[in-house]
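For reference, the structure discussed in these notes is given below.
What follows is calculated from the coordinates using simple rules that are stated; it is not laboratory data. It should be emphasised that the depicted structure is a prediction, and the values quoted were computed from it without experimental measurement. Counting neighbours? That spans all protein chains shown, and the Cβs are built from the backbone with ideal geometry, glycine included.
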């Protein structure tokens, strides 16, 4: 009988929000997800290992991967390429295991088009509480500061529209726990279980 | 500023599946949910306390509650009334706390109509694995046994269509963990967070 396909989870969000930190912490404590390793043309930083933190490639090698459709998504960021190897993701999902990709917003939108059934998680700064405090709080903030914060919140709001979940990164462990919960809950979705029932009933 | 309203979770499923056991276990270990206490006309069993396990009422009192719209749902089951007091649920949700109701399928369908934004969890017997084993397993089952199991599975499949999630009760702790995960994940749903952003942005 055909194996149940795994779920693709995409963790993304504005740069600087702490995607990498949350991703690394989750990796250490949670074996319910397989973690994809990105390909990049940027130089390894101290302590980074090829095949562990990233697959380090030259620009030529990377561009060949693009040409040969070996990347699920890729983007150029501060002069370097970053991408997700398609083969690993495809093989792991087909094997029935869930995969988590940690990528920039730009890449997440590419994946959304290719894998609409994926589960997209927007990691957000703890802006909501901050915002609430500034607006309804003690009134000591300048008008300008509030306006600026409102503008950023509006931009975040627009970005998150492409996602299924929003996880506020108020605290790393809390953010990790929410992502774990989302991955468990997604497996309990009625439509997913229904498909499993239907498949088994049809087997007869 | 107006408080965020809590989420109404409904735990239901075929009778005998273990709703009560899972509900009691969850109550002991999880303070992320408030638990509604049902009203019933059946006599207290040994060890059951009024106001803890149930609110025990006479048939007259119960029927008065129905007349005065004091119940969110009610059903008659083996000659006794069972119902959910509306006031407690409404007050707790308005207070920003989540509520879990454990009710029969008949009652769940009533609540679905009144509170469509509630989160409905179908507790299912571990039938999927059982079914899978019987069908693709060692082939030692009689045709009749398999047919019967298929029929039950089809009925379950129809029932679960009214729900958002299906939690298989293969093991009590595993079922509790899934319900906890669902309650956490629901709070991270994009649409819910988006509403919070919008409310705060409008406050200004």
Would you mind classifying the range B:148-204 by shape? Square roots of the alpha carbon gyration tensor eigenvalues, ordered a ≥ b ≥ c; an a/c under 1.5 is rounded, otherwise it is prolate if a/b is larger than b/c and oblate if not. oblate
So, in nm and shortest first, the distances from residue B:91 to its counterparts in the other copies, with label points 7 Å along Cα→Cβ, work out as 6.0
One decimal, nm, shortest first: give the distances between the label point of residue A:158 and those of the same position in the other copies, each label point 7 Å from Cα along Cα→Cβ. 5.0
Take every Cα pair under 8 Å in chain A that's 6+ residues apart, average their separations, divide by the length, and report that relative contact order as a whole percent. 29
Pairwise FRET efficiency - residue A:97 versus residue B:106, Cβ, R0 = 56 Å, nearest 0.05: 0.90
Need one word for the protein assembly as shown: rounded, prolate or oblate. Basis is the Cα gyration tensor (sqrt eigenvalues a ≥ b ≥ c); a/c below 1.5 gives rounded, then a/b vs b/c decides. oblate
How big is the gap, in Å, between the Cα center of the range A:157-177 and the Cα center of the range B:47-106? 36
Just to confirm the number: angle between the C-alpha axis of helix B:172-187 and the first principal axis of chain B, 0 to 90 degrees, nearest 10? 40
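Please work out whether chain B counts as rounded, prolate or oblate from its C-alpha gyration tensor, where a ≥ b ≥ c are the square roots of the eigenvalues and a/c under 1.5 means rounded, while otherwise a/b larger than b/c means prolate and anything else oblate?
Working: a/c = 2.09, a/b = 1.27, b/c = 1.64.
Oblate, since a/c reaches 1.5 and b/c is not below a/b.
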Ranked list, fewest to most other Cβ atoms within 10 Å of each Cβ, for A:37, B:7: A:37, B:7
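Please report the antiparallel percentage of the DSSP beta bridges confined to the protein assembly as shown, to the nearest 5. Numbers along the way, then the final one.
Working: 18 of 52 bridges.
Here the share of antiparallel DSSP bridges comes out near 35 percent.
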Antiparallel DSSP beta bridges within chain A, as percent of all bridges there, nearest 5: 30
Taking the label point as lying 7 angstrom from Cα along the Cα-to-Cβ axis, what are the distances from residue B:47 to the corresponding position in the remaining copies, in ascending order and in nanometres? 5.4
Against the longest principal axis of chain B, how steep is helix B:127-136, in degrees 0 to 90 to the nearest 10, with axes from Cα atoms? 20
Using just the alpha carbons, could you tell me how many Å³ per residue the convex hull of the range B:12-112 encloses? 110
